[in-house]
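Here's the structure we're looking at; comments come further down.
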Amino acid sequence: MTTFTTAHWQDLSRRHLLAPFTDYRQLNEKGARIITRAEGVHLWDSEGQRILDGMAGLWCVNVGYGREELVEAASRQMRELPYYNLFFQTAHPPALELAKTIAELAPEGMNHVFFTGSGSEANDTVLRLVRHYWATKGQPEKRVVIGRWNGYHGSTMAGASLGGMAAMHEQGGLLPDIVHIPQPYWFGEGGEMSPEAFGVWAADQLEQKILEVGEERVAAFIAEPIQGAGGVIVPPESYWPRVRQILDKYDILFIADEVICGFGRTGEWFGSQYYGNAPDLMPIAKGLTSGYVPMGGVVVRDEVVRVLDEGGEFYHGFTYSGHPVAAAVALENIRILRDEGIVDRVRNATAPYLQKRWAELADHPLVGETRGVGMVAALELVRDKKTRTRYEGGAGMLCREHCFRNGLVMRAVGDTMIIAPPLVITPESIDELVTLARLSLDQTHAVLRQRG
Ligand SMILES: *Cc1c(COP(=O)(O)O)cnc(C)c1O
């Protein structure tokens, strides 16, 4: 086999690839980093550098890389039945067994799953599904969905519209009848308020918006239990209980986007169980298959299903809804998570250890706050800890570059550094992660101070 050089791959990238979420001019100047293989919690690039994957790919490789059982589950299923669909009153064993298994893990009373190929498709599905639900109940004017600024729900038209990323709205526009409220991001937006007071304020924005739009027009509220792509925003403790009170007061559906929080990330199977906030619909993806193959879905509460049962045909679905190979991999992935006690180990051992070690970084002169839940965490890069003021000119990007050079994937969201490692990360690898993060913070700080 020929071993190609990094330059060869970078040349192909420039000539033929339009990468997602990428500034093309910038990438062409720099050249893509080529990842060639992975094992456990580590990646290797085409230069032979070993990199600790602090992001589990894109928040998805929950059981880690190199799990032979998943490879076998896929190949077994490909031999038996590589493809069939769930349209036109047919089904197949892998999709049915997976739906049953997800129902066992999901919050009480959520027993049905609509399968999709991704998280974005899951959110397109919820938008169409909740409108169909209200129309079936004879209230077709209930069409408005309330999302949150800086929430992330994918990048199809519905996903981008439900999400609150202003830069995404500017490109390609926004679907009608979707509105947004402020996020519960105390460090960035809490001002002089205490975190608890700010959490209540942010929750009350939901009620304000419901009253402004009119309850009779609001179909649903969509939110991530913990915002991921927005910068690992862990709401103040006062937030979710207050939101739950507001949701109980009005006749609207609650969509908890579990694409990141689902399948063990918080130390519970779902983020909604961690917060106890009883959703009606849960979009899922990412950790469902640990990213080995693409798959998503929407878990739906029984009361909602009862209405859909009366709604005639739901004109919605994807060629790959419940794809048998993806379903077989998801089933095996969940078996691994269960049989190896991975979610329990996260809750009782590795997440407390990660959070303890991560919190030690708060003493670094560049760090204004550390926060996290389970196997997801963030830290804020600041010039002044007290006033929470930032450096000019991209401290986050600079820190990310240093991390990569030191052999650690840590993502930057503005000047917020975030991690979400594979759930199987060991205490030894957590130590490695924190050591590399501190080294990278030191180097970043030195450069920023030199700049003045
Ligand atoms: C990643 C993500 C999505 C989109 O999932 P894709 O599979 O990339 O389409 C939706 N919601 C949340 C919370 C996500 O993190």
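The values are calculated or read from the model by the stated rules, or taken from the named source; none is laboratory data. These numbers come from a predicted model, not from an experiment. Note that each Cβ is placed from the backbone with ideal geometry, even for glycine, and that neighbours are counted across all protein chains shown. Remember, those area values only see protein heavy atoms, side chains included, never the ligands or the DNA or RNA. Shrake-Rupley method; radii C 1.70, N 1.55, O 1.52, S 1.80 Å.
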Between a residue in region 408-433 that is at pLDDT 95 or above and any residue that is charged (D, E, K, R), which pairs come within a Cβ distance under 6 Å, given they are 6 or more apart or on different chains? 409/53; 412/400; 415/390; 416/380; 418/411; 430/357
Does residue 95 count as open to solvent by less than 10 Å² (accessible area, probe 1.4 Å) and touching a residue at least 60 places away in the same chain (Cβ under 8 Å)? yes
Which members of region 124-179 meet the condition of being aliphatic (A, V, I, L, M) and in contact with a helix residue (DSSP H, G or I) (Cβ under 7 Å, 6 or more places away or on another chain)? 127, 144, 145, 146, 158, 160, 162, 168, 174, 175, 178, 179
Restricting the search to region 30-46, which residues are loosely packed, with under 14 Cβ neighbours inside 10 Å and modelled with pLDDT of 95 or more? 37, 39
Single residue of region 205-246 satisfying the filter (within 16 Å of the ligand (Cβ to nearest atom) and β-branched (Val, Ile, Thr)) that is surrounded by the most Cβ atoms within 10 Å (Cβ to Cβ): 222
I'd like to verify a number: residues in region 160-176 that are of a type in the set (S, T, N, Q) and either near the ligand (Cβ under 9 Å from one of its atoms) or at pLDDT below 95 (or both), how many? 0
Quick one: how many residues across region 253-308 are among the small types (Gly, Ala, Ser) and part of a loop (DSSP other than H, G, I, E, B)? 8
On the given criteria, is residue 202 open to solvent by 10 Å² or more (accessible area, probe 1.4 Å), over 13 Å from residue 277 (Cβ atoms) and of a type outside the set (Lys, Arg)? no
A careful count of residues in region 98-122 that are open to solvent by less than 20 Å² (accessible area, probe 1.4 Å), assigned to a helix (DSSP H, G or I) and within 16 Å of the ligand (Cβ to nearest atom) gives 2
Flag for residue 229 being more than 20 Å from the chain's Cα centre (by Cα) and outside any helix (DSSP H, G or I): no
If you take the residues in region 160-179 that are touching a strand residue (DSSP E or B) at 6+ places or on another chain (Cβ under 7 Å) and not hydrophobic (A, V, I, L, M, F, W, C), which one is most open to solvent (accessible area, probe 1.4 Å)? 177
Identify all residues within region 51-88 that are of a type in the set (Ser, Thr, Tyr) and part of a strand (DSSP E or B); write none if there are none. 65
Counting only residues that are within 23 Å of residue 439 (Cβ to Cβ) and outside any strand (DSSP E or B), how many does region 10-50 have? 6
On the basis of being in contact with a strand residue (DSSP E or B) (Cβ under 6 Å, 6 or more places away or on another chain) and modelled with pLDDT of 95 or more, does residue 74 make the cut? no
From the residues in region 139-159 that are within 16 Å of residue 256 (Cα to Cα) and near the ligand (Cβ under 10 Å from one of its atoms), which one is surrounded by the most Cβ atoms within 10 Å (Cβ to Cβ)? 153
Going through 357, 405, 345 one at a time, which residue ends up being under 30 Å from residue 332 (Cβ atoms), outside any strand (DSSP E or B) and out of contact with any strand residue (DSSP E or B) (no Cβ under 7 Å at 6 or more places or on another chain)? 345
For residue 249, the lone unmet condition from (1) within 11 Å of the ligand (Cβ to nearest atom); (2) open to solvent by 10 Å² or more (accessible area, probe 1.4 Å); (3) over 24 Å from residue 101 (Cα atoms) is (1)
Failed criterion for residue 130 (all others in (1) within 15 Å of the ligand (Cβ to nearest atom); (2) closer than 23 Å to residue 302 by Cα hold): (1)
Going by the conditions given, is residue 236 assigned to a loop (DSSP other than H, G, I, E, B) and not basic (Lys, Arg)? yes
Sort out which residues of region 59-70 are in contact (Cβ under 8 Å) with a residue 40 or more places away in the chain and loosely packed, with under 15 Cβ neighbours inside 10 Å, and write them in order of number. 69
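Results for (1) surrounded by fewer than 23 Cβ atoms within 10 Å (Cβ to Cβ); (2) modelled with pLDDT under 95; (3) touching a Gly at 6+ places or on another chain (Cβ under 6 Å); (4) at positive phi, shown as yes or no for each residue.
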site	(1), (2), (3), (4)
281	no, no, no, no
289	no, no, no, no
299	no, no, no, no
307	yes, no, no, no
312	yes, no, no, yes
336	yes, no, no, no
341	yes, no, no, yes
347	yes, no, yes, no
361	yes, no, no, no
What's the number of the only condition in (1) under 13 Å from residue 425 (Cβ atoms); (2) touching a strand residue (DSSP E or B) at 6+ places or on another chain (Cβ under 8 Å); (3) in contact (Cβ under 8 Å) with a residue 60 or more places away in the chain that residue 51 fails to meet? (1)
In region 253-272, how many residues are within 19 Å of residue 300 (Cβ to Cβ) and either within 15 Å of the ligand (Cβ to nearest atom) or surrounded by fewer than 22 Cβ atoms within 10 Å (Cβ to Cβ) (or both)? 12
